[in-house]
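Below: one structure, written as structure tokens.
The values are calculated or read from the model by the stated rules, or taken from the named source; none is laboratory data. Values in this document were obtained by computation on a predicted structure and should not be read as measured data. When we count neighbours, we look across all protein chains shown, and the Cβ atoms used for this are built from the backbone with ideal geometry, even at glycine. Please note that ligands, DNA and RNA were not included when accessible areas were found on the heavy atoms of the full protein model with its side chains. Shrake-Rupley method; radii C 1.70, N 1.55, O 1.52, S 1.80 Å.
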Amino acid sequence: AAAEAPLRWEPPCRQQLRHLQDGAGIAAPLPPRLEGHWVSTGCEVRPGPEFLTRSYLFYSNRLFKAHQFYYRDPSCHEPSYSLVIKGKVRLRQASWITRGATEADYHLHKVGIVLHSRRAARELAARLNATSATGCGGLAPAGRGWAPGALYEVLSAKTERDCTAALGFAMHELSLVRVERRYQALARPGARLLEELYLGDIHTEWGERLHYRPTGYQRPLQNAVHHVHPCPACGIIYRADEHHPPILPVRAELPMQLSGSWVSTHCEVRPAVLFLTRYFIFHGNNQSWEGYYYHYSDPLCKQPTFTIYASGHYTQGIPSSKVRGGTELAFKVTQARVTPMDQVTVMMLNSSEPGSCGLTNSWHAGMEQDITPTNGCLALGIKLPHTEYELFKTEQDAKDRSLLFIGERPTDGSSPDRPDKRPTSYQAPLIRCAGASEEFSKYISLKYLGKQVASGNEALKPLPVAFLLLIALQFLRWD
């Protein structure tokens with residue numbers, strides 16, 4: 001009976017990773033259905049940092065009306081200005097770069113701005129006066145200046161005026177679209193439909209964001225009708241408009257309690273077609289950490305390609321002077337192991353330069369190899385030892401679960417290996433799945449999950465050629 005106990009009870013961290021690898025009951029229709037009202041589920045952080053909430057309304061005739069509300073604070077409690085964006089979007093073909101996404105074209109008809117304070121008015125006037133765009137310095141009536149509460153048109157397709165560059169504004173997020181449908185279990189028998197809208201990511205470099213074509217996603221918006229419950233922010237954002245921005249409750253800044261185990265809440269996507277789930281263990285007694293990165297070739301994290309285990313130490317955190325609510329740390333990666341999970345990755349690693357990635361020509365599917373003696377793995381862009389300058393934040397969600405936000409990776413695939421490259425925004429949150437006392441490495445190892453064929457051998461799924469080429473060129477993101 002004792003031997004059967006693990007079959008009846010599975011540790012929460014392992015259970016969550018298995019749940020994600022099973023696809024978590026997610027459906028992603030192609031083409032996606034955009035019609036409806038989609039809202040943020042809380043305060044979002046974009047590179048910069050910029051704090052904002054979003055409320056997007058898509059009509060059946062392809063027209064849309066979008067609101068972006070910007071704030072001074074990480075609680076989204078002190079509104080600075082609001083944008084109202086009107087235009088048209090047309091879905092095109094499935095993306096050949098980001099599997100599971102649909103490419104789209106969009107055209108902006110109008111963009112208006114409403115300022116919510118005199119300070120915001122002064123800052124906007126300074127930005128517009130500094131821009132070289134024709135006619136942007138004289139948007140406000142002569143001699144009267146910018147007035148809080150008034151609506152000003154900063155883009156008009158009719159008059160060909162476009163003063164949005166001074167705001168760092170673009171809607172390229174509409175060029176990459178994915179809708180996911182799943183069911184949320186209820187306390188009583190039954191389930192509730194959830195719909196999430198994933199739009200393209202925002203480039204981490206301000207100078208690149210106006211031209212960048214997304215290959216990853218932002219934090220998803222949720223359907224205003226079919227959203228996760230409870231969601232205190234959803235109703236506030238749903239009812240808002242450009243003159244009445246959502247004012248979310250002030251969030252208490254929690255002390256950074258890293259100790260314990262943290263796991264992804266869904267299959268994550270990175271720019272340039274990396275799909276993965278993450279698992280971290282932080283040991284507060286000696287400030288050491290361990291990380292498991294499970295990489296996949298598909299957006300539901302069902303087809304494993306390779307797994308990385310990394311470990312090292314981290315510094316004591318200090319409050320960020322640049323991103324309110326964030327904590328700055330430095331992470332040192334000193335050891336790493338790689339497990340290829342399919343034949344294409346095996347071939348890539350075995351064809352790498354001798355001495356650059358583990359033992360030469362010794363890689364096999366499902367077998368882990370230490371890459372510390374070769375100072376990392378050149379083929380995967382891993383260098384050891386390696387230091388990264390990080391941004392962390394912890395929060396409680398509406399169900400009082402602990403969330404951990406780790407800094408967003410540079411869009412160009414590089415590493416935040418200098419203090420000036422420290423992130424100013426966050427990736428998707430991890431959720432605490434175990435306390436500090438639980439020993440993860442004794443019971444978690446997602447086995448090689450190929451398909452069994454009649455002979456009993458594993459059937460290996462090849463990766464798309466585009467993925468293979470890109471993964472060979474990408475730096476691994478220590479995230």
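Just a few scattered comments:
- Answer from Leu254, Leu248 - the residue that is over 30 Å from Ile97 (Cβ atoms), part of a loop (DSSP other than H, G, I, E, B) and open to solvent by less than 30 Å² (accessible area, probe 1.4 Å): Leu248
- Answer residue from segment 359-386, given it is in a loop (DSSP other than H, G, I, E, B) and open to solvent by less than 10 Å² (accessible area, probe 1.4 Å) and is nearest to Ser288 (Cα to Cα) among those: Ile371
- Some residue of segment 258-274 being more than 26 Å from Trp363 (Cα to Cα), in a loop (DSSP other than H, G, I, E, B), among the aliphatic types (A, V, I, L, M) and in contact with a strand residue (DSSP E or B) (Cβ under 8 Å, 6 or more places away or on another chain): yes
- Segment 398-421 residues that are surrounded by 14 or more Cβ atoms within 10 Å (Cβ to Cβ), paired with ones that are of a type in the set (Lys, Arg) and not in a loop (DSSP other than H, G, I, E, B) (beta carbon under 6 Å, 6 or more apart): Ser402/Arg432; Phe405/Lys393
- Counting only strands (runs of 3 or more DSSP E) that sit wholly inside segment 33-129, those with at least 3 residues that are touching a His at 6+ places or on another chain (Cβ under 8 Å) and not assigned by the TED database to the domain that holds Gln303 are 50-58, 79-94.
- Ala330 being small (Gly, Ala, Ser), in a strand (DSSP E or B) and more than 17 Å from Tyr292 (Cα to Cα): yes
- Selection within segment 75-87 - under 17 Å from Arg219 (Cα atoms) and crowded, with 21+ Cβ neighbours inside 10 Å: Cys76
- Qualifying residues in segment 93-125 (those that are open to solvent by less than 20 Å² (accessible area, probe 1.4 Å), under 23 Å from the mean Cα position of the chain (by Cα) and among the β-branched types (Val, Ile, Thr)) - the one nearest to Lys322 (Cα to Cα): Thr98
- Those residues of segment 164-194 which are at pLDDT 90 or above, of a type outside the set (Ser, Thr, Tyr) and within 18 Å of Ala66 (Cβ to Cβ), in sequence order: Phe169, Ala170, Met171, His172, Glu173, Leu174, Leu176, Val177, Arg178, Val179
- Meets criteria (among the small types (Gly, Ala, Ser) and surrounded by 21 or more Cβ atoms within 10 Å (Cβ to Cβ)) for Gly235: no
- Failed condition for Arg90, given (1) closer than 24 Å to Pro271 by Cβ; (2) crowded, with 20+ Cβ neighbours inside 10 Å: (2)
- Being open to solvent by less than 60 Å² (accessible area, probe 1.4 Å) and at pLDDT 95 or above holds for only one residue in Val273, Val338, Val269, and it is Val338.
- Residue that is among the acidic types (Asp, Glu), in contact with a Phe, Trp or Tyr (Cβ under 8 Å, 6 or more places away or on another chain), over 30 Å from Ala252 (Cα atoms) and outside the structural domain of Gln218 (by the TED database), where the choices are Glu368, Glu408: Glu368
- Pairs are defined by a Cβ separation below 6 Å, a sequence spacing of at least 6 or placement on different chains, a first member in segment 196-222 that is closer than 18 Å to Arg422 by Cβ and open to solvent by 30 Å² or more (accessible area, probe 1.4 Å), and a second member that is among the hydroxyl-bearing types (Ser, Thr, Tyr) and at pLDDT 90 or above; the pairs so defined are Thr204/Thr411.
- Selection from segment 296-310 of residues that are open to solvent by 10 Å² or more (accessible area, probe 1.4 Å) and outside any loop (DSSP other than H, G, I, E, B): Pro304, Thr307, Tyr309
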